[in-house]
Amino acid sequence: MTTSAALLTRANDAGLGAIADKVLARERLSRDDGVTLYRSDAHHVIGELANWVRERMHGDLAYFNVNQHINYTNYCNKFCEFCSFDRLPGQDGAYMFTPEQVAQKITEQLGEPVTEVHMVAGVWPKIPYEYYLDILRAAKRARPDIHVKAFTMVELEQIQRAAKKPIADVLEDLKQAGLGSCPGGGAEIFAERVHQKGFRLKINGDEWLDLAREVHRADLHSNCTMLHGHIETIEERVDHLDRLRTLQDETGGFQTYIPLSFHPENNEWSHLPGPSALEELREIAVGRLMLDNIPHIKAYWIMLSIPIAQLALGYGADDVDGTVVEEKIYHDAGATTPQHVQREELVRWIRDAGRIPVERDTLYNVVWSADAELAPVGHAAPVNA
Ligand code: V47
């Protein structure tokens, strides 16, 4: 770790001295500070500040998991401009897995030490309520000890419509059927201007946050995301982060924040370039600095590429997601990363990045650790907030 004096000098030289003072004193950054961080071109100083916080919280530990993604349908009626994954039933490439097919996908991986299945998909109003319960039950039947992390807030809104009952009852049913936690997608950018321009048929920011609150009230953890690098302004990004932070103060239910880099192929926003590598790293860093109450920042390697995810472990991230197996949302949008890596490869990349690999389960209990003293197996991952 750099000394605080050296870091302060560099931050002062970059015009970020006041922010660095706050970071070192563990003070909360304001919205204006967030705007300053985005406007500054001192990428590496911002990265160093975020790394300082990351090491204060997690030392050199870097988390990964052995997981499997299942995108159970690409039927969708939301027509989001940034999306390359959605199809209408009958359209070329449209699909919807039966509960048996979901079980089959999980059974195919029984030889791998998978601890989590991550299920997200499009939204289709004709899907009956029972289907959602059935795919959860099918997953648990296929692998009873697996943690099912499923359904973004956007899917939950549709599931509640299908159920025609209060969200608290729906969440109770889903838990009974096997739901263990919720992923962080569908948040995009909370600002109403962007919602209207890019994804107006989908729930808006307030609705996403209200549903996340209900999820946390139902004693479920969830993740949170921000889709960046398209038509949003810096102020809208800061607004998004601040609203996540405010809800987290209230509920404490978010485990991980994942900045999602916009991928521009095969969608309505293909004319936009998408974020550069430096912008992706800055997004990780600003997330770490602004979200002082969210324990983990994930560099989702599928989206970032392996080299950028490795760099991100020095820019504020402490997690790289998992082995994944099969991914459609980013690959339909032009991602060129592999869809599957072996557990051992993740371990090697993390070591190459100078960090200590720790395999976690979805709720950040340590499954395996390269340093049993710093992160003992069977215990919750250490966080020094
Ligand atoms: O909700 C869609 C985004 C999300 C594009 O919780 C796009 O651990 C970029 O939720 N370019 C789904 N992004 C992915 C998701 C997720 C991924 C990894 C980990 C976790 C977690 C959650 O992907 C969608 C949307 O925000 N998305 N299209 C695109 N063209």
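Give me the dipole magnitude in Debye, nearest 20, for the range 1-139 about the Cα centre, with unit charges on the beta carbon: positive for Lys and Arg, negative for Asp and Glu.
Here the range 1-139 has a charge dipole of around 300 debye.
Taking the Cα centre of the range 284-358 as origin, sum charge times position over the Cβ atoms of Lys and Arg (+1) and Asp and Glu (-1), and report the length of that vector in debye to the nearest 20.
180 debye
Just how much of His379 is accessible, in Å², when a 1.4 Å probe is used and the result is rounded to the nearest 10?
Near enough 110 Å² of accessible area.
Taking the dipole about the Cα centre of the range 150-251, with the C-beta of Lys and Arg at +1 and of Asp and Glu at -1, give me whichever of Ser222, Gly178, Leu244 is farthest to the positive side.
Among Ser222, Gly178, Leu244, the one farthest towards the positive end of the dipole of the range 150-251 is Gly178.
Report the number of Lys pairs in the chain whose alpha-carbons are under 13 Å apart, with separation of 8 or more residues or on distinct chains.
Close lysine pairs under the 13 Å cut-off: 6.
Quick check on the chain: of the DSSP beta bridges with both residues there, what percent are antiparallel, nearest 5%?
In the chain, approximately 15 percent of DSSP beta bridges are antiparallel ones.
Could you state how much accessible area Thr107 has, in square angstrom rounded to the nearest 10, with a 1.4 Å probe and all protein chains kept in place?
60 Å²
Going by alpha carbons, how many degrees (0 to 90, nearest 10) lie between the helix axis of 43-58 and the longest principal axis of the chain?
That helix lies at roughly 70 degrees to the long axis.
May I ask which residue of Ala191, Tyr132, Leu281 lies farthest towards the positive end of the charge dipole of the chain, with charges of +1 (Lys, Arg) and -1 (Asp, Glu) on Cβ and the Cα centre as origin?
Among Ala191, Tyr132, Leu281, the one farthest towards the positive end of the dipole of the chain is Tyr132.
Could you give the angle, 0 to 90 degrees to the nearest 10, between helix 205-217's Cα long axis and the longest principal axis of the Cα atoms of the chain?
80 degrees
In square angstrom, what is the accessible area per residue of the range 14-115 with a 1.4 angstrom probe?
41 Å²
First compute the accessible area of the chain with a 1.4 Å probe, then give the percent of it belonging to carbon and sulfur atoms.
Roughly 50 percent, rounded to a whole number.
Which are the unpartnered cysteines of the chain, meaning those with no other cysteine Cβ under 4.7 Å from their Cβ?
When partners are defined as cysteine Cβ atoms under 4.7 Å apart, the chain leaves Cys76, Cys182, Cys224 without one.
Report the Rg/Rh value for the range 280-371, based on alpha-carbon coordinates and the Kirkwood definition of Rh.
0.95
If I model the chain as equal point scatterers sitting on the Cα atoms and use the Debye formula, what is log10 I(q)/I(0) at q = 0.09, 0.11, 0.14 Å⁻¹?
At q = 0.09, 0.11, 0.14 Å⁻¹ the computed log10 ratios are -0.49, -0.75, -1.26.
Taking every pair of Cα atoms in the range 66-156, average 1/r, invert it to obtain the Kirkwood radius, and report Rg/Rh to two decimals.
0.98
Quick one: accessible area per residue over the range 135-257, 1.4 Å probe, rounded to a whole number of Å²?
Accessible area per residue, the range 135-257: 36 Å².
Percent of alpha carbon pairs in the range 10-105 separated by more than 19 Å?
64 percent
List the extent of the Cα atoms of the range 137-291 along each of their three principal axes, largest first, rounded to whole Å.
43, 33, 30
Given the range 128-178, what whole percent of its Cα pairs are spread farther than 17 Å?
Across the range 128-178, Cα pairs with separations above 17 Å total 29 percent.
On full extension of the chain, what length is gained from Asn293 through Trp368, given 0.36 nm per residue of separation minus the C-alpha to C-alpha distance?
Fully extending the segment from Asn293 to Trp368 adds 24.4 nm.
Using only Cα atoms and rounding to the nearest 10 degrees, what angle (0 to 90) does helix 277-290 make with the longest principal axis of the chain?
80 degrees
Say R0 is 22 Å: what FRET efficiency, to the nearest 0.05, do His340 and Asp92 get from their beta-carbon distance?
With a Förster radius of 22 Å, E is 0.35.
Across 5 Å bins from 0, what is the distribution of all Cα-Cα pair distances for the range 224-286, in whole percents?
Going out from 0 Å in 5 Å bins, the range 224-286 shows 4, 16, 25, 22, 16, 9, 5, 2 percent.
In the calculated pair distance distribution of the range 211-349, what percentage of Cα-Cα distances lie above 18 Å?
Cα-Cα pairs of the range 211-349 separated by over 18 Å account for 57 percent.
Can you compute the charge dipole magnitude of the chain about its Cα centre, using +1 on each Lys and Arg Cβ and -1 on each Asp and Glu Cβ, nothing else charged? Give it in debye, rounded to the nearest 20.
Rounded to the nearest 20 debye, it is 380 debye.
Measuring from centroid to centroid over Cα atoms, what is the spacing of the range 280-332 and the range 96-146 in Å?
25 Å
Hey, rough spin-label estimate for Lys197 and Asp352, points 7 angstrom out along Cα→Cβ, what's it come to in nanometres?
The modelled label-to-label distance comes out at 3.7 nm.
The values are calculated or read from the model by the stated rules, or taken from the named source; none is laboratory data. Because the structure is a prediction, the values reported are computed rather than measured. So basically every Cβ, Gly included, is an ideal-geometry build from the backbone, and we count neighbours across all protein chains shown. Please note that ligands, DNA and RNA were not included when accessible areas were found on the heavy atoms of the full protein model with its side chains. Shrake-Rupley method; radii C 1.70, N 1.55, O 1.52, S 1.80 Å.
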